[in-house]
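Asker: This structure is in structure tokens; I'll ask about it shortly.
The values are calculated or read from the model by the stated rules, or taken from the named source; none is laboratory data. Quick caveat, the model's predicted, so the values are computed rather than measured. Don't worry about glycine lacking a Cβ; one is built from the backbone with ideal geometry, like all the others, and counts go over all protein chains shown. For accessibility, only protein heavy atoms count, side chains too; no ligands or nucleic acids. Shrake-Rupley method; radii C 1.70, N 1.55, O 1.52, S 1.80 Å.
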Amino acid sequence: MMQMDRKPFLEEYEKLIVRMNTPRVMIDNAGCVDATRIMIDSARNDGILLEAVQVLTDLNLSIKKGYVSSDGRWNMDVFHVTTLDGNKLTDSSIISCIEQSLGTIHHKRSKSIDGMTTLELTGTDRVGLSSEVFAVLSELNCDVVESKVWTHNGRIAAIIHLKDCDSGSPIDDSKKIDRIEARLRNVLKGDNDIRSAKTLVSIAVTHTERRLHQMMFADRDYDRTPTMKNYGRCSPSVSVQNCLEKEYSVVNIQVKDRPKLLFDVVCTLTDMQYVVFHATINTAEDGAYLEFFIRHIDGTPISSEAEKQRVIMCLKSAIERRASEGVRLELFRPDKPGLLAEVTRTFRENAMNVTQAEISTNMGMALNIFYVTDAIGNPVDSKVLDSVMERIGSGYLRVKEVPLMHHQKVGSDVQNTSSIGGAVLFSLGSLLRWNLYHLGLIKSYS
């Protein structure tokens, strides 16, 4: 009897396996009037929702609507997205990037920061703390290449990627690393935070913003009392109920819409070991409405009232951590040693508190974004802003936007503040292309 050659069948089987585990991505610009529709069809994978939302979030896209279903063996995720200024996606480089990123989603690893030393810091927040941290790093000859700083409920979490100023290389000297950690730990603990102040040199394999959520969650910021006023902040409405027939727990969230909202919620549910089986996301002028049908990883719904309350507290905190408190300032200028320490020292000397910061450098240019309030959480006085901008240079430091809370509290002062320096501000398109270039997804920023 002739033996059948199995090679062709094995090859076809391998192709089928690859197909089953490779998401199919469809991007439709015709089917929706005011948004681009992105559909992702793939074999069931509990992590694919977070990874898909992470890709869209990293490209600074706004998710206006979404439908998620992953019962059985398949996932189907549909997102209606726009640019931050509300337009459909027309840039072919962005569309190509989405197709490539989502199409290889199962094979991707979190971005690692090659050639840098990464520090993770948590502690009790206070006015001027970020200035003290960056001053210590400057004194120790460390060049801050990238950093993100969040504050919430009196706590601070920061991830800092740095190099040695002289060599431009990662800091490998264990004695110098010990010295950096010891100095920063002293700064973080201040007079009364000996136990909870933490510094850690990490290998930076987790998505930065997801890691910040994890750090603040571990620090139990959700279980702490705010130390500053939160003018104008609308607390999210979160409820959790059990759907006994289907054995799901149903999470409903209503809050003012903002960029990256869905990422923050899905990230938190995932890190709390819940799986999203179905979800509906709707946004409108009056807010965002999100509904999730979830279970534990073992397939069971939430089982106690205490657990429900913990989920509610954690989701509220996850949403509030990124809520932009204060005036947004953007610094765009040639980078130099000690620049960050110099700028944040100016903030501290003018009693300005940094509630959030995003530091990045590329091709010798620094793009630093700060949200600032006064020392007790009030809007910064326009005269103080004028003074700070004059000292740093109005050609470099610009007021990008003034949040709604300032319109509510200071009225006409905001009109003066928003026109300081008569600056021409970065367009949303420029910021989007900066992000693509910074992520290495396009070759030219211009």
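Asker: If R0 is 45 Å, what FRET efficiency do you get for SER387 and GLN100 from their C-beta distance, rounded to 0.05? Walk me through the intermediate numbers first.
Answerer: Numbers: r = 47 Å, r/R0 = 1.04.
Plugging the Cβ-Cβ distance into 1/(1 + (r/R0)^6) gives 0.45.
Asker: For the stretch 66-187, what does the relative contact order come out to in percent, with C-alpha contacts under 8 Å and a separation of six or more? Working shown, then result.
Answerer: Numbers: 122 pairs, mean separation 25.4, N = 122.
Once normalised by length, the contact order is 21 percent.
Asker: When every alpha-carbon pair in the stretch 219-329 is counted, what percent end up more than 22 Å apart? Each step should come with its number before you reach the end.
Answerer: Working: 2008 of 6105 pairs.
Roughly 33 percent, once rounded to a whole number.
Asker: Here's another thing I want to ask about it. Apply the Karplus curve 6.51 cos²θ - 1.76 cosθ + 1.60, θ = phi - 60°, to the phi angles in the stretch 326-342 and return the couplings in whole Hz, x for Gly and Pro.
Answerer: Computed from phi, the couplings for the stretch 326-342 are x, 7, 8, 10, 10, 10, 9, 6, x, 6, 7, x, x, 4, 5, 5, 5 Hz.
Asker: Using the Karplus curve 6.51 cos²θ - 1.76 cosθ + 1.60 with θ = phi - 60°, what ³J(HN,Hα) values do you get for each residue of the stretch 302-319, in whole Hz, with x for Gly and Pro?
Answerer: Along the stretch 302-319, the couplings run 4, 10, 9, 5, 4, 5, 4, 5, 5, 4, 4, 4, 5, 5, 4, 5, 4, 6 Hz.
Asker: Once the stretch 38-144 is represented by equal point scatterers at the alpha-carbon sites, with solvent omitted, what log10 I(q)/I(0) does the Debye formula produce at q = 0.11, 0.20 Å⁻¹?
Answerer: For the stretch 38-144, the Cα-only Debye profile gives -0.56, -1.00.
Asker: Once you place label points 7 Å from the Cα toward the Cβ at SER235 and GLN273, how far apart are they in nm?
Answerer: Result: 2.8 nm between the two label points.
Asker: Show me, for the stretch 377-387, the HN-Hα J-couplings you get by feeding each phi into the Karplus relation (A = 6.51, B = -1.76, C = 1.60, θ = phi - 60°), rounded to Hz, glycine and proline as x.
Answerer: Taking θ as phi minus 60°, the curve returns x, 7, x, 6, 4, 4, 5, 5, 4, 4, 5 Hz for the stretch 377-387.
Asker: Also: If I stretch the segment between GLU291 and ALA43 completely, what's the gain in nm (0.36 nm per residue apart, minus their alpha carbon distance), one decimal? Don't jump to the answer; show the numbers that get you there.
Answerer: On the way: separation 248, 0.36 × 248 = 89.28 nm, distance 2.26 nm.
Residue separation times 0.36 nm, minus the Cα-Cα distance, leaves 87.0 nm.
Asker: Where the Cα atoms of the stretch 50-90 are projected onto their three principal axes, how long is each span, largest first, in whole Å?
Answerer: 37, 16, 15
Asker: In addition: As I understand it, the dipole of the stretch 248-347 uses +1 on the Cβ of Lys and Arg and -1 on the Cβ of Asp and Glu, about the Cα centre. Which of LEU269, TYR289, SER317 lies farthest toward its positive end?
Answerer: The one lying farthest along the dipole's positive direction is SER317.
Asker: Under a 5 Å amide H to amide H cut-off, with H placed in plane at 1.01 Å, what residues pair with ILE171 once short-range neighbours are removed?
Answerer: Under 5 Å from the amide H of ILE171: THR117, ASP164.
Asker: Then there is this: State the extension gain, in nm to one decimal, for the chain segment bounded by THR300 and GLU342, taking 0.36 nm per residue of separation less the distance between their alpha-carbons.
Answerer: Working: separation 42, 0.36 × 42 = 15.12 nm, distance 5.26 nm.
Computed gain between THR300 and GLU342 is 9.9 nm.
Asker: Let me ask something else. Using a 1.4 Å probe over the heavy atoms of the protein chains, calculate the carbon and sulfur portion of the accessible area of the stretch 127-210 as a whole percent. Don't skip to the end; give the middle numbers.
Answerer: Values: 1720 of 3800 Å².
Percent of accessible area from carbon and sulfur atoms in the stretch 127-210: 45.
Asker: Tell me which residues come under 5 Å, amide H to amide H, from LYS400 once H is placed; ignore anything under 5 positions away on its chain.
Answerer: Excluding prolines and chain starts, which carry no amide H, the hits are ARG328, LEU329, GLU330.
Asker: Further, regarding this structure: If each residue of separation counts as 0.36 nm, what is the full-extension length gain between SER394 and ASN141 once their alpha-carbon separation is subtracted? Can you show the working numbers first?
Answerer: Values: separation 253, 0.36 × 253 = 91.08 nm, distance 2.76 nm.
Working it through step by step, the gained length comes to 88.3 nm.
Asker: Another question, if that's okay. Determine the alpha carbon to alpha carbon distance for each of LYS163/LYS336; LYS198/LYS260; LYS260/LYS316; LYS65/LYS256 and list only those over 24 Å. Don't skip to the answer; put the middle values down first.
Answerer: Values: LYS163/LYS336 13 Å; LYS198/LYS260 27 Å; LYS260/LYS316 14 Å; LYS65/LYS256 14 Å.
From LYS163/LYS336; LYS198/LYS260; LYS260/LYS316; LYS65/LYS256, over 24 Å: LYS198/LYS260.
Asker: Nothing charged except the Cβ atoms of Lys and Arg (+1) and of Asp and Glu (-1): what's the magnitude of the dipole of the stretch 72-174 about its Cα centre? Round to the nearest 20 debye.
Answerer: On the way: 9 positive and 15 negative charges, 136 e Å.
Charge dipole, the stretch 72-174, about its Cα centre: 660 debye, nearest 20.
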